[in-house]
Each structure stands twice: as structure tokens, then as C-alpha cells.
Amino acid sequence: MVNDVVVKNILRPARSRPLIAAALSDFWFLMLLAIIAVNLLWAFTDSAPFAVTQLWRWLPALFQGIGVNIGISALAMLLGTLLGLVVGSLSLAPSRLLRTLTQLWVQTFRNAPVLVLIYFTTYVFPFEIVLLHWYIPFPDWIKVVIGLGLPASAIIAEIFRGAVLSIPSAQWETAQSMAFRRGQIFRYVILPQCVRRMLPPWMNVYASITMSTSLASLVGVHDVVDMATIASNTVARIDFTILVYFTLLLFFFFYCYPISRITRQLEKRLNKH
């Protein structure tokens, strides 16, 4: 039976109030900027230049497109996390062969350009899967998820391995002296601390993956960049083109900036302990 007192002493939870307060402060600041921008657009729509009027018309399509990007980033991060935890665990195995294979995986996908991986997964996987008499489509957005999940898995594998190795060996020895089994030590002592150590770099990887989803339009995915391109070609005015792509920049900024701020707060908390 696990000694709860020992586990609680090893895993001392840090106060979350400063982190929550900072996150809420940044959130309300960004919300205030968004409200001001929307109110300005609403107030000046009737008398605004043609480009602003057209942007207002295309905003629903752009919001729909950014939803596709966020969905792809979330699924890619889920895939990368699952694969990364498996690869990271195998990299700590006693078997030299397993360690060599995991290092090959990490070095291959960590050093491969994201765009090359997206094109690779787009053309190496079929456009549809034949199962008996049924034809199951294999859409491009799933291929992009795989293309983004592979490099994420390599990075997360290294993050997980580094987090495990950063735990002082004295904690292993203390838990073993209290008759904890290896699985119990890993589950109740090591893994919770690894989660805290992994969270800031994990969030950085997610922000990077989110920004990389802008490459999805190159393989035919109807994301926010593709919507902006369609809008730009339809209106065919340079002022509107500049405005619509500036709007895309704001979309990604407002989504990724809070992640960056929370990551900094988490890193500060970890550095204090």
C-alpha cells in the first residue's frame, strides 16, 4: 500500500494563485484589445474604406478557418504527446537496441523540416483506403496532423527523458527503502514531478505546432490561410490583401500569446523550487 504521507511530502504543490492571476490579467488585457478592435470596426463600417468593409464580410470565413487550424494543432499535439511518451519511455529502457531505435526516431523527426514532413505524409499515404468493398477517404487534414505530430513526438520524447533524468536519485532510493515497487515509484513519485517539469516546454511545442498549421493550406487544407487567399483573390485589391493577412497575424497572436505568458509563469515557479 502506498504511503500517502511520503508521497505528499515529496510532491509539494506550489501555490497557483500568482499563475492564475497572471493568466487572468493577460486574458482580460487581450479581451479588452479585441473588444476595442471590434467596436472600432463596427463604428466605422459605414464610412470605412472598401478594404475594411470587405474584411467584415469575410470575417466569418476567417474564423471558421482558424477553427480548422486550432483543431489540427490540438490533434497533432495529442498524437505527438502519445508517441513522444512511448518513445521517451523506450529511450530509458535497459536494452541498447531500443535506445538506439528511439534515438534514430528522435534525430530523424526532430531535424526534418516541418514542410517536408507535411509533403511527405501527404503523398506517402493514400487518398483513400479500400476495406473490402468500402472506400474510406483519407483526407488531407489528417495527413497534416500526422506530419505535425511526428516532429512533436520527437521533441516531447526528449522532454520526457530529460524530465525523468532530472529527478534526484535520492527520491528513487528513498521510495525503494520503503518497499515501493518500481511501478509505484514511477507512478506516484516520479511521474507527477515530470508532468510539472514537462508542462512549460510542452506548451512551447504546442504554440510552435499551432503556428506551423499555417502550412496546411499548401497541401489543400481549407484552413485560415486558404480562406485568406480565396478572399484576397476574390476582392483583388492590394489594400485588402494587406489587411486580411494582418488579421491572420492577429489571430495567431491572440491565440499563442496567452500560451507564451502562462509558460513564462510556469517556468518562474519551477525555478523557485
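The values are calculated or read from the model by the stated rules, or taken from the named source; none is laboratory data. None of the values given here were measured: they were computed from a predicted structure. So basically every Cβ, Gly included, is an ideal-geometry build from the backbone, and we count neighbours across all protein chains shown. The protein model used for the area step is the full one, side chains on, heavy atoms only, and it has no ligands, DNA or RNA in it. Shrake-Rupley method; radii C 1.70, N 1.55, O 1.52, S 1.80 Å.
Structure above, values below:
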read-out	value
Qualifying residue in segment 248-260 (condition: over 30 Å from PRO60 (Cβ atoms) and touching a residue at least 12 places away in the same chain (Cβ under 8 Å))	no
When residues of segment 87-100 are limited to those that are in contact (Cβ under 8 Å) with a residue 60 or more places away in the chain and not small (Gly, Ala, Ser), the one least open to solvent (accessible area, probe 1.4 Å)	VAL87
Count of residues meeting criterion [open to solvent by less than 60 Å² (accessible area, probe 1.4 Å) and touching a residue at least 40 places away in the same chain (Cβ under 8 Å)] in segment 112-125	3
One residue from PHE254, PHE240 being assigned to a helix (DSSP H, G or I) and open to solvent by less than 30 Å² (accessible area, probe 1.4 Å)	PHE240
Those residues of segment 101-111 which are surrounded by 11 or more Cβ atoms within 10 Å (Cβ to Cβ) and out of contact with any Leu (no Cβ under 8 Å at 6 or more places or on another chain), in sequence order	GLN103, TRP105, VAL106, GLN107, THR108, ARG110
Residues within segment 198-223 that are open to solvent by less than 10 Å² (accessible area, probe 1.4 Å) and touching a Leu at 6+ places or on another chain (Cβ under 6 Å), tallied	1
Every residue from segment 59-86 that is closer than 29 Å to ARG187 by Cβ and open to solvent by less than 20 Å² (accessible area, probe 1.4 Å)	ALA76, MET77, GLY80, GLY84
Scope segment 126-145; condition touching a helix residue (DSSP H, G or I) at 6+ places or on another chain (Cβ under 9 Å) and loosely packed, with under 15 Cβ neighbours inside 10 Å; matching residues	PHE127
Yes/no for SER232 being in a helix (DSSP H, G or I), more than 27 Å from the chain's Cα centre (by Cα) and either within 22 Å of THR81 (Cα to Cα) or modelled with pLDDT of 90 or more (or both)	yes
